[in-house]
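Written out below as structure tokens is the structure these notes cover.
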Amino acid sequence: MRISGWGKYLPARVMPNSEVAELVDTSDEWIRARTGIRERRIAAPEETTCSLAVNAARAALDKAQVAPEDLDLVLVATCTPDYANMPATASLVQHALGAPRAAAVDMNAVCSGFIYALATGSQFVATGAYKNVLVIGAEVFTRILDWQDRSTCVLFGDGAGAVVLQPTNQPGGLISFVLGSDGAGACSLYVPAGGSRQPASADSVADRAHYVKMLGRDVFRFATRVLPDSVVEALAAASMTTDDIDVLIPHQANTRIIDHAVKRLHVDASLVFSNVERYGNTSAASIPVALCEAIECGMVRPGATVVLSGFGAGLSWGTVVWKWHA
Ligand SMILES: CC(C)(COP(=O)(O)OP(=O)(O)OC[C@H]1O[C@@H](n2cnc3c(N)ncnc32)[C@H](O)[C@@H]1OP(=O)(O)O)[C@@H](O)C(=O)NCCC(=O)NCCS
């Protein structure tokens with residue numbers, strides 16, 4: 001199989017750290033030193049996860065020269081769907097694109113979501129069941145941020161990225177993957193209310209319980225362990241080592257997490273793609289957006305071994321080893 005098309009969409013509005021510092025007691029220096037983030041994008045009021053996803057998807061379909069009518073499957077990785085419960089955002093995207101033949105479903109593994117969706121979509125192509133699969137990671141994460149909570153609101157941003165998967169008789173595609181979850185850490189990073197456990201009520205709104213809560217240090221410890229571990233495990237499953245990595249695209253949560261992992265993996269920093277300083281953590285969108293930019297800047301060469309690795313709420317993680325087409 002191959003990734004025959006890729007696309008991204010970032011909302012136009014840039015919010016620098018200095019603007020966040022007008023809302024909460026923080027500073028550009030603190031945010032840059034602890035996270036590497038300088039600015040993030042904020043969706044316009046009329047934009048939604050669906051509209052971001054559609055923009056990224058159209059770019060990916062154009063690149064692949066695939067007509068929406070020919071799509072077999074639309075997978076949308078997101079934790080900020082247009083509607084909290086139903087319908088799936090993927091159905092909205094499928095309709096907006098004009099893809100009447102396509103099955104459509106959301107996948108929520110939060111920041112690992114795109115890796116889960118990429119591994120899943122690849123199975124349909126590998127088995128021959130589907131020929132044109134669209135995999136999207138899209139988030140309007142800033143709508144679940146508490147702009148009074150400096151421990152979380154400095155970290156996240158909005159965006160979308162998409163890829164088109166197609167069969168090919170050339171070698172390449174998904175070489176191996178690792179997907180994992182540890183629900184014991186569910187409350188390290190979560191939104192308490194709005195689901196069946198704590199339905200929306202006047203109290204839940206007054207308690208600001210519809211916003212993200214995070215135990216930052218716990219998540220940091222988890223991320224710095226699981227990112228290198230899952231990369232090594234996925235490479236081993238492909239009978240490879242870190243020496244075989246041509247490009248490493250980690251989830252763009254935080255420069256310190258990426259630096260920790262890269263040090264533990266002994267991977268040359270020049271092989272690691274990062275854009276976290278410009279977009280912050282865009283959750284499920286971070287890896288496909290980073291992949292697009294790594295391709296655009298020439299890092300992903302024909303035949304390259306590209307390792308994509310995500311981690312996040314769940315807790316969850318996932319790594320894909322992908323052989324880029326020649
Ligand atoms: C969030 C994170 C940057 C905080 O950095 P940290 O070094 O762990 O900081 P701590 O939480 O220990 O807080 C240190 C101090 O900074 C303060 N602080 C927290 N956020 C702050 C902010 N935005 N600005 C200024 N000070 C802040 C804390 O209140 C604390 O003050 P105190 O020592 O007076 O109590 C870090 O824990 C992290 O990156 N965690 C992973 C988060 C993540 O990536 N989540 C998504 C994964 S998909």
Report summary line: Okay, helices (runs of 4 or more DSSP H) sitting entirely in the range 62-164 with 1 or more residues that are within 16 Å of the ligand (Cβ to nearest atom), I get 113-126, 150-153
Requested in this report: Go through (1) touching a helix residue (DSSP H, G or I) at 6+ places or on another chain (Cβ under 9 Å); (2) part of a helix (DSSP H, G or I); (3) away from the ligand (no atom under 15 Å from the Cβ) one by one and return the number of the condition residue 260 breaks.
Outcome: (3)
Requested in this report: With the condition kept exactly as written, say whether any residue in the range 187-205 is in the same structural domain as residue 228 (by TED's automatic domain parsing), under 21 Å from residue 319 (Cβ atoms) and among the hydrophobic types (A, V, I, L, M, F, W, C).
Outcome: yes
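Could you count how many residues in the range 251-267 are within 14 Å of the chain's Cα centre (by Cα) and either assigned by TED's automatic domain parsing to the domain that holds residue 112 or among the basic types (Lys, Arg) (or both)? Show your work before the answer.
First, pick out the residues of the range 251-267 that are within 14 Å of the chain's Cα centre (by Cα): 251-254.
Okay, now just the ones that are also either assigned by TED's automatic domain parsing to the domain that holds residue 112 or among the basic types (Lys, Arg) (or both), so none.
Residues in the range 251-267 being within 14 Å of the chain's Cα centre (by Cα) and either assigned by TED's automatic domain parsing to the domain that holds residue 112 or among the basic types (Lys, Arg) (or both): 0 in total.
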**Report entry** Selection status of residue 55, within 16 Å of the ligand (Cβ to nearest atom) and in contact (Cβ under 8 Å) with a residue 60 or more places away in the chain
**Finding:** no
Report summary line: Filtering the range 220-250 down to residues that are crowded, with 23+ Cβ neighbours inside 10 Å, assigned to a helix (DSSP H, G or I) and within 20 Å of the chain's Cα centre (by Cα) yields 223, 226, 227, 230, 231, 234
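Quickly run through the range 182-225 and pick out the residues that are more than 16 Å from the ligand (Cβ to nearest atom) and under 19 Å from residue 86 (Cβ atoms). Spell out how you get there, then give the answer.
So in the range 182-225, the residues more than 16 Å from the ligand (Cβ to nearest atom) come out as 184, 192-210.
Result: 193, 194, 195, 196, 197, 198, 199, 200, 210.
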Query raised in the report: surrounded by 23 or more Cβ atoms within 10 Å (Cβ to Cβ), modelled with pLDDT of 95 or more, among the hydrophobic types (A, V, I, L, M, F, W, C) and not in a helix (DSSP H, G or I), is that true of residue 253?
Result: yes
Query raised in the report: In the range 14-32, which residues are aliphatic (A, V, I, L, M) and either outside any helix (DSSP H, G or I) or more than 9 Å from the ligand (Cβ to nearest atom) (or both)?
Result: 14, 15, 21, 23, 24
Requested in this report: Of all residues in the range 12-27, count the ones that are of a type outside the set (A, V, I, L, M) and surrounded by 17 or more Cβ atoms within 10 Å (Cβ to Cβ).
Outcome: 2
Query raised in the report: List, please: which pairs have Cβ atoms under 6 Å, are six or more places apart or on different chains, and start with a residue in the range 24-46 that is assigned by TED's automatic domain parsing to the domain that holds residue 275 and touching a residue at least 60 places away in the same chain (Cβ under 8 Å) and end with one that is of a type in the set (Gly, Ala, Ser) and assigned to a loop (DSSP other than H, G, I, E, B)?
Result: none
Query raised in the report: Quick one: which of 283, 270 is outside the structural domain of residue 52 (by TED's automatic domain parsing), of a type in the set (S, T, N, Q) and either surrounded by fewer than 24 Cβ atoms within 10 Å (Cβ to Cβ) or more than 16 Å from the ligand (Cβ to nearest atom) (or both)?
Result: 270
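The values are calculated or read from the model by the stated rules, or taken from the named source; none is laboratory data. Computed from a predicted structure; not experimentally measured. As a convention, Cβ positions derive from the backbone with ideal geometry for all residues, glycine included, and neighbour counts pool all protein chains shown.
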